[in-house]
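The block underneath contains the structure these notes are about, expressed in structure tokens.
The values are calculated or read from the model by the stated rules, or taken from the named source; none is laboratory data. All values reported here derive from a predicted model rather than from experimental measurement. Methodologically, a virtual Cβ is constructed for each residue, glycine included, from the backbone with ideal geometry; neighbour enumeration extends over all protein chains shown.
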Amino acid sequence: MATTPTSSTPASQGFGRAIDRLRKAANFEPIKQEVVLNNGDEFVFYAAPMTAAEREKAQKNAKTDSTNDFAMQLLIAKALDENGERIFKAGDIPVLKMEVEDEELQKLIMCVLKPRGESGDAQPDSKSDREGA
């Protein structure tokens, strides 16, 4: 049953439609990620918050129900350089799986999953700053 807005609804208070408010709040600018590797080196890349469509595409590209395959697809799609170019290719997945320490890989994946960190805080063992800030 449809209801009409009353004076106590957000729409009547000048907030607009919910979908419009959510779209306006979205910020997909890539965020600088600085991950400290186990050897002390800093690995810098950029990642933008993901959309539901990007999540679905990564799940489809994973071709299995494995969360590791899904995470690797996200890393390939979302890890960018300072020019917005992808830093990994699909062909890099076997090398990432076999020749990179899993702990290091998990740090990168967490930055891609939550580029602003938990509740906007920096990632553990990494620094997360908005580009240009």
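Evaluate the stretch 8-16: report whether one residue or more is modelled with pLDDT of 95 or more and among the polar types (S, T, N, Q). The answer is no; no qualifying residue exists. The stretch 60-113 holds helices (runs of 4 or more DSSP H) entirely within its bounds, and those carrying 2 or more residues that are at pLDDT below 95 and surrounded by fewer than 19 Cβ atoms within 10 Å (Cβ to Cβ) map to 67-78.
Restricting the stretch 24-54 to residues that are part of a strand (DSSP E or B) and of a type outside the set (A, V, I, L, M), which is surrounded by the fewest Cβ atoms within 10 Å (Cβ to Cβ)?
Filtering the stretch 24-54 down to residues part of a strand (DSSP E or B) leaves 31-36, 42-47.
If we keep only those that are of a type outside the set (A, V, I, L, M) too, we end up with 32-34, 42-43, 45-46.
Details: 32: 18, 33: 25, 34: 16, 42: 10, 43: 16, 45: 22, 46: 21.
Applying the filter and picking the extreme gives 42.
Listed by first and then second residue, the pairs linking a residue in the stretch 67-94 that is more than 15 Å from residue 111 (Cα to Cα) to a residue that is small (Gly, Ala, Ser), with Cβ atoms under 8 Å apart and 6 or more places separating them unless they lie on different chains, are 69/62.
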